[in-house]
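Heads up, the thing below is written out as structure tokens.
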Amino acid sequence: MGDSTYQPPLSPQIAQWLAEIDDDANEFFQERAAAREHMGGFNREQAENLAWAETQRYVERRDARKSRPR
């Protein structure tokens, strides 16, 4: 993670995954995790797990759109 303002995820698996994804997807994850924790009432671990799943779907859809012929 390039931005040191974010705390590393609680899960080592998620932390490793974040280190391997691009900045756009990383930012998407951080925003979703924060929203779920602070506005959604989830604890941090739950928020990160939900954000992880949501970010994986986001990346799959984004990459599929990029690969479509125009």
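Laboratory data are not the source of any read-out in this text; all were calculated from the coordinates shown. Note that this is a predicted model, so its numbers are computed, not measured. Here the Cβ positions follow ideal geometry from the backbone for every residue, glycine too, while neighbour counts run over all protein chains shown.
For this structure, a couple of remarks:
- All positions within the stretch 41-57 that are surrounded by 14 or more Cβ atoms within 10 Å (Cβ to Cβ) and not in a helix (DSSP H, G or I): F42
- Tabulated pairs, the stretch 34-59, first without any contact (Cβ under 8 Å) to a residue 24 or more places away in the chain, second of a type in the set (V, I, T) and surrounded by 18 or more Cβ atoms within 10 Å (Cβ to Cβ), C-beta under 9 angstrom, 6+ apart or interchain: A51/I14
- Of residues in the stretch 29-70 being among the charged types (D, E, K, R) and touching a Ser or Thr at 6+ places or on another chain (Cβ under 9 Å), the one farthest from A15 (Cα to Cα): R32
- For the stretch 16-35, taking the residues that are within 15 Å of A47 (Cβ to Cβ) and loosely packed, with under 15 Cβ neighbours inside 10 Å, the one that is farthest from the chain's Cα centre (by Cα) is identified as A35.
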